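All remarks here apply to the structure that follows.
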Amino acid sequence: MNKKRIGVYVCHCGTNIAGVVDVENVAKWALEELGEEGVVVSKDNKFMCSSVGQELIQTDIEEQGLNRVVVAACSPHLHEKTFRTASERAGLNPYLCEMASIREQVSWVHTDKAIATQKAKAMVAGAVRRVAQHEPLEPIHVPINEATLVVGGGIAGIQAALEIANAGHPVYLVEREPSIGGHMAQFDKTFPTLDCAACILTPRMSEVGMHPKIDLMTWSEVENVDGYVGNFNVRIRKKSRFINLADCNGCGICEQKCPVKIVDKNFEAGIGYRKAIYRPFDQAIPNYPVLDQPNCTYFIKGTCKACEKFCPTGAINFEKEDELVNVEVGNIILATGYDLYDTKKIPQYGFGRLPNVFSSLEFERMCNAAGPTSGEIVLRDGVTKPKSVGIVHCAGSRDLNHNNYCSSICCMQSLKFAHLVHERTGATIYNFYIDMRTPGKDYDEFYQRVLEEKTFFIRGKVSEISDAARNEEEEGKLVVQVEDTLLGEQRRIPLDMVILSAALVPKADSGDVAKQFGISCSSNGWFSEKHPKLDPISTMTEGIFIAGCATGPKDIPASVSQGSAAAARVISYIETGVLALEPIRATVSEENCSGCRICNDLCPYNAIVFHDETMVSEINHALCQGCGTCVAACPAGAISGTGFSNEQILAQVKGLLMLDFAEPELEKVP
Amino acid sequence: MKYNYYPGCSLERNAHSYHDSAMAVGTKLGIEFVEVEDWNCCGATEYMSIDKISAFTLSGRNLALAYEQKENGDLVAPCSLCLLNLQKSDHHMQESQELANNVNTSLAEGGLSYKPGSVQSKHLLDVFAKDIDENEIVEKVEKFLYGLKIAPYYGCLSSRPGFDGRENFDFPLRLDNLISLLGADVVDFPLKTHCCGGHMTQISEPTALELIRRLLKNAVDNHADMIVTICPMCQLNLDAYQDSVNKYFKTDFNIPVLYFTQIMGVAFGFEPKEMGIWQEFVNAKEVLAKILDEPPKVPKEKRASKTALPMAKV
Ligand SMILES: Cc1cc2nc3c(=O)[nH]c(=O)nc-3n(C[C@H](O)[C@H](O)[C@H](O)COP(=O)(O)OP(=O)(O)OC[C@H]3O[C@@H](n4cnc5c(N)ncnc54)[C@H](O)[C@@H]3O)c2cc1C
Ligand code: SF4
Ligand code: SF4
């Protein structure tokens, strides 16, 4: 290759870098000291990312014949693309442009100007030596399969599926429960507008059910995921409903005739019953029942078959087995939602011991006109109307013993409950809150409305709910013990009924699901986004997107927005047809691989396959994200990373070590 | 298994039965308790509020002595207050170098020194409820306490502030679990971590009596035959002052209060007398006579009424 002609550009980033690093000095030094390394131009600029800064690079490439560029500025996460594109515009292969992060790694973490300046020089030297070893690279192009898999049919998944399908692209929607709808289908009213949940949700659900572009698979689970962005191969298990769907007309006679009645812990949140053959609710989509094998008398005792006897179309099939289907998709959206925190884990609140302590989802079902009490708010005896009701915010949230985060929806949900109790029973209501958080549109207005309904608000964390009466007044009541922090007093409030606004927690299997799809979870267990602010619906794995409460607690509007956002991203991929991927990939040298398989399980993106015939490992370049884990792990040194070759890394290390850090004055190490 | 053992003053006096039963039960389980040589009083609650440095020094001395025989293992205290004082002193000495220096200056007078954080201390309950495998306990049971309904009482000092990161201090369950291993029924006892009044009996008797009344009532309301405690102070207040409560409030409580090690002993086949039972004020004879040979038949759970809503159960 012809002689290296390297241009160095040192950015001030306003005062972000220049406040701590002597930027002019670094630029001057690079030209003087790194001439031997090929530096022919070195400049500083207030904002390299501005169009002036970018033009500077372009002009120098064109006029000075630069064939390598180093930009010492912020983290490559932010502006690598900017400067590589600028270089490309001037005809330089973008991978011949390298960044030195002298903001995140220097000016933001140091205060001593002399040392910071010296470190910045070392970083520049490293980048210069490294870029000299760079080769031109071409991005990898992968075709995008037009179909999309959406996992989870709550409101977020429904929204995503509809957006993509309405744009004319096929969608597979996989839902584990018998019906789509998610948690929203359990609610009666939704805050802050109090519109009926079913009225706004069920039209969407039936649209999904009837959409020609949506292949809806309920009572199904994803079993295996292979492949990479654009070309995923997914195996789905459609669990047997023990019904021939083609024959079932959804009349529901089987459900009426089934003699087994069991507590429905899912849809009815444990406060109502269902049969062994059932649809979770009347508007279920699809409308076919599911036979619950472990609870079915026929499967337990060998006799019954009442459903079969009465089914007018002969649709019941006790022999029916699970079905496995394979689908190929280009992108995947995970909208698997949340679980409600089990308030039995806060034993001092008495849930599971004291009958009239209810969980928030129990209360939602109670309020629902189609629920176990037909919408009547009553005590556990099923008949008595409460005269006084307490609503405990933050049950299991914002508490180091339980979940250290705010569940974000519970304040509004508690206010909604207060309003419903007020409207339907006229009871005296106490809301126990730590801080009131009503930041959404029209949310605080709703709070004010509930205040005007004469709800009592006590600011303090409830310490205990018990039936241990101290006096006549408390006898037979639930007593809420709380420190009223505004009054500065301990208070005991005797009540008929208490509702615990439980925390939202990641789905019990969220860790397994994350692993299955090759994405990661935060320390709390929510799916991690690629960037919490700028890319909240992407993950670090290309082609896998996340939406709704699966990424953290949020309300319906936010879940729906994320569903739409994820869909928009997927549609843009589909419309492009092909996707250009970074060519930064690892490659196994067939000759050098000893077949030890150490690398196989280490890859966080499952990109390494082992060929039994040839006994060597191979890396799938579309899956590989160039993280370098395998490169470091291979004992045979058989794996090299494009853009991360040993020569490049060693050159960078040598550059970094050019300066002696022990001496405050700039000394060149011989 | 071997531990250092710091009995504290009560176990040499009113709570002798606690000590005797703990030793007997421990021996049966193959545990050796080695008494800390030349230990002193922990200072109880009062001393802390009178003179902090001296109070910390009292416990600091016990810690220093335990350290000298550290080869015997962790330091075990059967009294919740003793344990709290040990842990509190150690904790504050770790937090404050100045305090540690002050305590050590005093200890030096007696030729001792203590490096904060070097002794692990724990409650006697944790030896039996955590360190020992559940199966080992069950294996040693010769007479399951079938049919006995017990209110597990932890008291306030064993629960908070939880310097050793112990289980849910708002509503602990390890004593409940231990009792059910012995075959007895644990009743719901919401006030299980509430205060017994402590030394308030000496300062303001009516206040103490009200605190005691609440606990007795809560146990009786939940159909307990007996209250089981893990602290000499709790036992003393609930047992010895029961009569005063009855006189003061015109109530008729008559519920025995035993140490958890005493009922472990009964289950392990010791004679009640060997366990120091019958020394209590409210005699446990009648209640212990209730123990059945077989587990009582649990009636199949019925719906409370036709209209009642189902309920999740702990
Ligand atoms: C008591 C309560 C009241 C609330 N009230 C309101 C309100 O009034 N207004 C409001 O805006 N918000 C409210 N919320 C919040 C609201 O529930 C959520 O914002 C919304 O349900 C989130 O939708 P989602 O689709 O992300 O998750 P979900 O509703 O949880 O749906 C997820 C779906 O994915 C399925 N699934 C999960 N894992 C898998 C898997 N591995 N494979 C296949 N399928 C899977 C689940 O079965 C479920 O159907 C309330 C929350 C609670 C707890
Ligand atoms: S009775 Fe038969 S047709 Fe009717 S819902 Fe049941 S399976 Fe379907
Ligand atoms: S670690 Fe290296 S030698 Fe072992 S299988 Fe992987 S590539 Fe081959």
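The values are calculated or read from the model by the stated rules, or taken from the named source; none is laboratory data. Everything numeric here is computed off the predicted structure, so don't read it as measured data. Don't worry about glycine lacking a Cβ; one is built from the backbone with ideal geometry, like all the others, and counts go over all protein chains shown.
Only a single item in (1) in contact (Cβ under 8 Å) with a residue 40 or more places away in the chain; (2) touching a helix residue (DSSP H, G or I) at 6+ places or on another chain (Cβ under 6 Å) is not met by A:G525, and it is number (1). Here A:E613 meets the list (1) part of a loop (DSSP other than H, G, I, E, B); (2) near ligand 3 (Cβ under 9 Å from one of its atoms) almost entirely, failing just condition (2). Scanning the range A:96-105 turns up no residue that is in the same structural domain as A:V39 (by TED's automatic domain parsing), without any contact (Cβ under 8 Å) to a residue 40 or more places away in the chain and more than 21 Å from A:G655 (Cβ to Cβ).
Scanning the range B:213-236 for residues that are assigned to a helix (DSSP H, G or I) and either modelled with pLDDT under 95 or within 13 Å of another protein chain (Cβ to nearest Cβ) (or both) yields B:R213, B:R214, B:L215, B:L216, B:K217, B:N218, B:A219, B:V220, B:D221. Here the range A:290-325 is the region considered, the condition is being part of a loop (DSSP other than H, G, I, E, B) and of a type in the set (S, T, Y), and the residue that is nearest to the other protein chains (Cβ to nearest Cβ) is A:T303.
Considering the range B:1-82, the qualifying strands (runs of 3 or more DSSP E), each wholly inside and each with 3 or more residues that are not acidic (D, E), run over B:2-5, B:75-77.
Scanning for something of a type in the set (G, A, S) and within 11 Å of ligand 3 (Cβ to nearest atom), does the range A:648-657 turn up at least one residue?
As a first pass, look at the range A:648-657 and keep what is of a type in the set (G, A, S): A:651, A:655.
Next, from what is left, pick out any that are within 11 Å of ligand 3 (Cβ to nearest atom): none.
Checked against the condition, which is being of a type in the set (G, A, S) and within 11 Å of ligand 3 (Cβ to nearest atom), the range A:648-657 yields no hits at all.
Against the conditions (1) away from every other protein chain (no Cβ under 14 Å); (2) hydroxyl-bearing (S, T, Y); (3) assigned to a loop (DSSP other than H, G, I, E, B), B:T193 satisfies every one except (1). Restricting to the range A:333-365, name every residue that is within 8 Å of another protein chain (Cβ to nearest Cβ), of a type outside the set (K, R) and more than 27 Å from the chain's Cα centre (by Cα). A:P347, A:Q348, A:G350, A:F351, A:G352, A:P355 - these are the residues of the range A:333-365 that are within 8 Å of another protein chain (Cβ to nearest Cβ), of a type outside the set (K, R) and more than 27 Å from the chain's Cα centre (by Cα). Among the residues of the range A:579-602, those identified as in a strand (DSSP E or B) and either more than 8 Å from ligand 3 (Cβ to nearest atom) or not hydrophobic (A, V, I, L, M, F, W, C) (or both) are A:L579, A:A580, A:L581, A:A586, A:T587. Note on the range A:405-472: no enclosed strands (runs of 3 or more DSSP E) hold 1 or more residues that are on the phi > 0 side of the Ramachandran plot and at pLDDT 95 or above. Residues in the range A:611-650 that are among the hydrophobic types (A, V, I, L, M, F, W, C) and either touching a Phe, Trp or Tyr at 6+ places or on another chain (Cβ under 9 Å) or modelled with pLDDT of 95 or more (or both): A:V616, A:A622, A:L623, A:C624, A:C627, A:V631.
Take B:D90 and decide whether it is acidic (D, E), under 20 Å from B:T193 (Cβ atoms) and either assigned to a helix (DSSP H, G or I) or out of contact with any Gly (no Cβ under 8 Å at 6 or more places or on another chain) (or both). Considered against the rule, which asks whether it is acidic (D, E), under 20 Å from B:T193 (Cβ atoms) and either assigned to a helix (DSSP H, G or I) or out of contact with any Gly (no Cβ under 8 Å at 6 or more places or on another chain) (or both), B:D90 comes out as no.
Restricting attention to the range B:286-314, the residues that are out of contact with any Asp or Glu (no Cβ under 6 Å at 6 or more places or on another chain) and touching a residue at least 12 places away in the same chain (Cβ under 8 Å) total 8. The single condition among (1) within 22 Å of A:I649 (Cα to Cα); (2) of a type outside the set (K, R); (3) surrounded by 20 or more Cβ atoms within 10 Å (Cβ to Cβ) that A:C627 does not satisfy is (3). Evaluated against (1) under 30 Å from the mean Cα position of the chain (by Cα); (2) within 11 Å of chain B (Cβ to nearest Cβ), A:N404 falls short on exactly one condition, (2). Restricting attention to the range A:387-398 and to residues that are more than 13 Å from chain B (Cβ to nearest Cβ) and crowded, with 21+ Cβ neighbours inside 10 Å, the residue that is nearest to A:R424 (Cα to Cα) turns out to be A:V389. Screening the candidates A:K3, A:K28 for the property of being over 42 Å from the mean Cα position of the chain (by Cα), at pLDDT below 95 and over 20 Å from A:I649 (Cβ atoms) yields one hit, A:K3.
In this structure, does A:E445 turn out to be within 32 Å of the chain's Cα centre (by Cα) and of a type in the set (D, E)?
On the way: within 32 Å of the chain's Cα centre (by Cα): yes; of a type in the set (D, E): yes.
Answer is yes for this residue.
Screening A:H419 on (1) at the interface with chain B (Cβ under 10 Å from one of its Cβ atoms); (2) surrounded by fewer than 23 Cβ atoms within 10 Å (Cβ to Cβ); (3) within 30 Å of A:D442 (Cβ to Cβ) shows it passes everything except condition (1). Within the range B:241-264, the residues that satisfy the criterion of being out of contact with any strand residue (DSSP E or B) (no Cβ under 9 Å at 6 or more places or on another chain) and of a type outside the set (S, T, N, Q) are B:Y241, B:D243, B:V245, B:K247, B:Y248, B:F249, B:K250, B:D252, B:F253, B:M264.
Contact map, the range A:272-289: first residue within 14 Å of chain B (Cβ to nearest Cβ) and closer than 21 Å to A:A306 by Cα, second residue assigned to a strand (DSSP E or B) and not basic (K, R), Cβ cut-off under 9 Å, separation 6 or more or different chains; pairs are A:Y273/A:I262; A:Y273/A:V263; A:Y273/A:D264; A:R274/A:I262; A:R274/A:V263; A:R274/A:D264.
Answer yes or no as to whether A:A651 is touching a residue at least 12 places away in the same chain (Cβ under 8 Å), surrounded by 19 or more Cβ atoms within 10 Å (Cβ to Cβ) and in contact with a helix residue (DSSP H, G or I) (Cβ under 9 Å, 6 or more places away or on another chain). Reasoning before the result, please.
Numbers: touching a residue at least 12 places away in the same chain (Cβ under 8 Å): yes; surrounded by 19 or more Cβ atoms within 10 Å (Cβ to Cβ): yes; in contact with a helix residue (DSSP H, G or I) (Cβ under 9 Å, 6 or more places away or on another chain): yes.
So A:A651 fits the description; yes.
One residue alone among A:G272, A:G302 is within 16 Å of ligand 1 (Cβ to nearest atom) and farther than 25 Å from A:H211 by Cβ, and that residue is A:G272.
Answer with yes or no whether A:T336 is assigned to a loop (DSSP other than H, G, I, E, B), within 16 Å of ligand 1 (Cβ to nearest atom) and more than 29 Å from A:E473 (Cα to Cα).
Working: assigned to a loop (DSSP other than H, G, I, E, B): yes; within 16 Å of ligand 1 (Cβ to nearest atom): yes; more than 29 Å from A:E473 (Cα to Cα): yes.
Judged against the criteria, A:T336 is a match.
Any residue at all in the range A:356-377 that is part of a helix (DSSP H, G or I), surrounded by fewer than 24 Cβ atoms within 10 Å (Cβ to Cβ) and hydrophobic (A, V, I, L, M, F, W, C)? Yes, there is a match, as at least one residue in the range A:356-377 is part of a helix (DSSP H, G or I), surrounded by fewer than 24 Cβ atoms within 10 Å (Cβ to Cβ) and hydrophobic (A, V, I, L, M, F, W, C). Within the range A:173-197, residues that are in contact (Cβ under 8 Å) with a residue 40 or more places away in the chain and among the basic types (K, R) sit with their Cβ atoms under 7 Å from residues that are in a helix (DSSP H, G or I) and surrounded by fewer than 23 Cβ atoms within 10 Å (Cβ to Cβ), at 6+ positions apart or across chains, in these pairs: A:K189/A:A197; A:K189/A:L420. As a summary of the residue check, A:N266 satisfies the conditions (1) of a type outside the set (D, E, K, R); (2) more than 13 Å from ligand 1 (Cβ to nearest atom); (3) assigned to a loop (DSSP other than H, G, I, E, B); (4) surrounded by fewer than 19 Cβ atoms within 10 Å (Cβ to Cβ) except for the one numbered (2).
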